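Q: Just dropping this structure here.
Nothing in this text is a laboratory measurement; each read-out follows from the coordinates by a stated rule. As the structure is a computational prediction, the values presented were derived from the model and not from experiment. A quick note on method: Cβ atoms are made from the backbone with ideal geometry, for glycine too, and the neighbour counts reach across all protein chains shown.
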Amino acid sequence: MRRLRSIAVVLAMFAAGATGVWAAGEKIEIPDRDWSWNGPLGSFDRAELQRGLQVYTEVCASCHSLRLLAYRNLAALGYGEEEIKAYAANYEVEDGPNDQGEMFLRAAIPSDRFVPPFANEQAARAANNGAYPPDLSLMTKARKNGANYVFALLTGYQDEPPEGFQLMDGMYYNKVFPGHQIAMAPPLFEDGVEYADGTEATVERMAADTTAFLAWAAEPELEDRKSMGIWVLSVLAILFVMTVAVKRQVWSDVH
Amino acid sequence: MATKTEFKNPVVRWVDDRLPVFTYLDHEYNQFPMPRNLNYWWNFGALASVVLILMILTGIMLAMQYTPHVDYAFESVERIMRDVNYGWLLRYLHMNGASMFFIVVYIHMFRGLYYGSYHAPRELLWMLGVVIVLLMMATAFMGYVLPWGQMSFWGATVITNLFSAIPWVGDVIVTWLWGGFSVDNPTLNRFYALHYLLPFVIFAVVALHVIAVHITGSNNPKGIDVQVPRDTVTFHPYFTAKDSVGLVAFLLFFSAVVFFAPNVFGEPDNYIKANPLQTPPHIVPEWYFLPFYAILRAVPDNFIGGWVTGWMGVTFVSAKLAGVIAMFGSIAVLFLLPWLDRSKVRSARYRPVHNAFFWVFLVDCFVLGWVGANPAEGMFIWIGRVATAWYFVHFLIIIPLVSMIETPRPVPASISEPVLKEKA
Ligand code: HEM
């Protein structure tokens, strides 16, 4: 019986483990990176997030929206009220109607959502050779192995596709994008931005910073969640010891 | 409830004389006799009740912020995650609570299968349980549509389309379910209404389930009846203490998921807003539906369909319909189980052959889940077919046959016997 049972367990584990292996037709290697927010005690690195915001603002924002974020959320990156107001004021939003019943443009304020680069999907496609740059608010949650994938994507461009690979017009070869043809031109170049904090802007650095920023944008609650989790688990662990003790005491006269 | 309990508190006594709720609670939860040999697998019923209440509470609070409209549903869920105080906690509790509910209930069911809790006199109790799991599936399926992500939309499309397999009236039924010609705003609205309603129906069936278990009393690992008072202990404090241990252990596991891996059970695609024009490359249901999804897709194109067609020249049963029948049949056989298993001995402990097949069946269910998670191609087609066939062979052939020919090992004379013997 013992043996049968262990066979059952091994088979079940095999079944569970194998799921991942056969799920994708071609297995693309996506290396794990040691992100600061990994692990139960992980948290974001504010300097990294600020650099990431800078790359997003100066590079990605010309194509990608970040609809679910409001400017006021940037307080979590360590910016003060005035800095946020100044950042928001760089963008224009349509408001109204005013007393005359007319819509008007005004500078964005902290309570506004991030202003998208295009008015609608058609406009975005028209500007991008028919391809649609997806919203990035949830990008690291919306892909398998989210943050590692985004980093691998941003650093996964290859000037020359491998021999025999048919690259379509206006497409770029990327090692990790499914199908390897992506309509997004390589967005990052050495010194593509000049970091406000003087960090050297290598492609890898910028990719990591942007990924960190996007991971925060997708899960702004992450730090609260983890610290609350530590607290909850500790209380439950103590409760567990107590309930076990009570149970033993109660049952001591039964056996 | 023959004898009334005497209460000291005058208010309690006043109420109890007029409506004996306190007497009822005292009888059913305080003094209620429980077999003394129940192991920790008996915790899962209580856990399931706790999860149900948690789902209803978190659900009601989510409903106060959620907007059931195709243009706003996705954003409103994200608003809950970002702007509502502790909204992320509510949503992650509810989302992972559904997975926990199924983990707990599936364990609860396998416990029943192993220890023969479906045997007389607990047939109705078992069948009420099967009704509960069916209602849970409907509720979870419709709940999963509410955040209106890609998997919400495409899962709803695939599953509702199954009804089109019903001969003649299928298409009419699907249009009626959708409230239009595709999964769209009316579908989302009615799913929301039903998702709010069904948990309360589940609550009512759970009440019947609990009343039924209080009539027959709990089964136990030995599967033999309680004979003498020595075989039992009172519910309180013995099982309140034991259930508390299980509850806290469960909450530890649940919290670890909610706080440290809240999306492990989810599909990344559901963080992309539903897009009717773009089919995801690989549509998979939530993990708890995977075995049934595998059964649905297992029936070969020309199995019953081709067979009947060849014989009568008319297609009565298409492959799709056969798959749907197999999927619902996989639950329907559970209703028949009390009569399929003819053994006089309940617990698999004393039924070596039945016991061995139980473990094979458990593996079969995992294999079905694994096949369900993968595209129906290559070897998965064949593994899926064999595993599906085995599922039905197990219930319809193995269980009746083994129960008739197996000689069980001797069963202890009473629940307390071996315990007392060890003492001597
Ligand atoms: C049997 C109990 C229940 C089960 C199994 C269940 C299951 C689910 C599931 C699987 C989701 C999708 C979660 C996600 O992926 O985001 C969901 C969402 C939702 N449920 Fe429930 N639910 C239950 C009870 C309730 C009740 C009683 C209510 C309301 C009174 C409710 C209200 C909601 C709302 C508003 C959503 C959308 C928000 C969201 O997606 O997180 N649920 N439910």
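Q: Considering just Cα atoms, how many Å³ per residue does the convex hull of chain A enclose?
A: Details: hull volume 59.7 nm³, N = 255.
That works out to 234 Å³ per residue.
Q: Going toward the positive end of the dipole of region B:153-252, with +1 on Lys and Arg Cβ and -1 on Asp and Glu Cβ, which of B:VAL228, B:GLY179, B:GLY155 do you reach last?
A: Of B:VAL228, B:GLY179, B:GLY155, it is B:VAL228.
Q: Still on this structure, please answer the following. Along the three principal axes, how long is region B:171-276 when you take its alpha carbons, biggest first, rounded to the nearest angstrom?
A: Over region B:171-276, Cα extents along the principal axes are 64, 39, 22 Å.
Q: What FRET efficiency do you get for A:THR199 and B:ASN263 if R0 is 30 Å and r is their Cβ-Cβ distance, rounded to the nearest 0.05?
A: Values: r = 31 Å, r/R0 = 1.03.
Plugging the Cβ-Cβ distance into 1/(1 + (r/R0)^6) gives 0.45.
Q: Compute the label zone of A:GLU190 within region A:204-229: residues whose backbone N is under 12 Å from the point 7 Å along Cα-to-Cβ.
A: A:204
Q: Could I ask something else about it? Label points 7 Å out from Cα along the Cβ direction at B:ASP171 and A:GLU83: separation in nm?
A: 6.2
Q: When the dipole is taken about the Cα centre of the protein assembly as shown, and only Lys, Arg (+1) and Asp, Glu (-1) are charged at their Cβ, what size is it in debye, to the nearest 20?
A: Charge dipole of the protein assembly as shown: 4140 debye, to the nearest 20.
Q: Something else about it: How big, on average over all directions, is the shadow cast by the Cα convex hull of chain B, in nm²?
A: With the hull built on Cα positions only, its mean projection is 26.0 nm².
Q: Right, next: Roughly how many Å is it from the Cα centre of region B:126-160 to that of region A:131-154, as a whole number?
A: What the calculation gives is 28 Å, centre to centre.
Q: Please report the spacing between the Cα centers of region A:59-96 and region B:185-218 in Å, no decimals.
A: 45
Q: Sticking with this structure for a sec: Largest first, please: the extent of the C-alpha atoms of the protein assembly as shown along each principal axis, to the nearest Å.
A: 83, 76, 54
Q: Contour minus end-to-end for B:TYR106 and B:ASN39, with contour as 0.36 nm per residue of separation and end-to-end as the Cα-Cα distance?
A: Details: separation 67, 0.36 × 67 = 24.12 nm, distance 1.69 nm.
Additional length available on full extension: 22.4 nm.
Q: Specify which residue in the list B:LEU340, B:VAL299, B:PRO237 is farthest towards the positive end of the charge dipole of chain B, using unit charges on the beta carbon of Lys, Arg (+1) and Asp, Glu (-1), about the Cα centre.
A: About the Cα centre, the residue reaching furthest to the positive side is B:PRO237.
Q: Given springs between every Cα pair under 10 Å in a Gaussian network model of chain A, which of A:LEU74, A:LEU239, A:LEU53 has the largest fluctuation?
A: A:LEU239
Q: Can I ask one more? Under 20 °C and 1.002 mPa s, how fast does region B:11-104 diffuse according to Stokes-Einstein, given a Kirkwood radius computed over C-alpha pairs? Answer in µm²/s, whole number.
A: Result for D is 129 µm²/s.
Q: In terms of modelled amide H atoms, which long-range or inter-chain residues lie less than 5 Å from the amide H of A:ALA70?
A: A:PHE114
Q: For the pairs A:LYS141/A:LYS226; A:LYS144/B:LYS273; A:LYS27/A:LYS226; B:LYS4/B:LYS242; A:LYS226/B:LYS273, note any where the Cα-Cα span goes beyond 23 Å. Before the final figure, lay out the partial values.
A: On the way: A:LYS141/A:LYS226 17 Å; A:LYS144/B:LYS273 16 Å; A:LYS27/A:LYS226 32 Å; B:LYS4/B:LYS242 27 Å; A:LYS226/B:LYS273 26 Å.
Check vs 23 Å cut-off fails for A:LYS27/A:LYS226; B:LYS4/B:LYS242; A:LYS226/B:LYS273.
Q: Please list, or write none, the aspartates and glutamates whose alpha carbon is within less than 16 Å of the alpha carbon of B:LYS8, excluding same-chain residues fewer than 8 places away.
A: Answer for B:LYS8, where 16 Å is the Cα cut-off: B:ASP16, B:ASP17, B:ASP26, listed by chain and number.
Q: Where is the GNM fluctuation largest for chain B (alpha-carbon springs, 10 angstrom cutoff): B:VAL84, B:VAL205, B:VAL70?
A: Ranking B:VAL84, B:VAL205, B:VAL70 by mean-square fluctuation puts B:VAL84 first.
Q: Which of B:VAL84, B:GLY246, B:ASN374 sits closest to the plus end of the dipole of chain B, meaning its Cα is farthest towards the positive end, when Lys and Arg get +1 and Asp and Glu get -1 on the C-beta?
A: Of the options given, the answer is B:GLY246.
Q: Determine the sum of side-chain charges near B:ARG346: Lys and Arg each +1, Asp and Glu each -1, restricted to other residues whose C-beta is under 10 angstrom from that of B:ARG346.
A: Numbers: positive: B:ARG122, B:LYS222, B:LYS344, B:ARG349, B:ARG351; negative: B:ASP225, B:ASP341.
Combined, the nearby Lys, Arg, Asp and Glu give +3.
Q: In terms of Cα to Cα distance under 16 Å, which lysines are near enough to B:LYS344, apart from those fewer than 8 places away along the same chain?
A: B:LYS222
Q: Mind giving me the nanometre distance, one decimal, between the label points for B:LEU401 and A:LYS175, set 7 Å out from Cα along Cα→Cβ?
A: 5.5
Q: Right, something else. Would any residue of region A:165-204 have its amide N under 19 Å from a label point 7 Å out along Cα→Cβ of A:ASN129? List them or say none.
A: From region A:165-204, the list is A:165-189.
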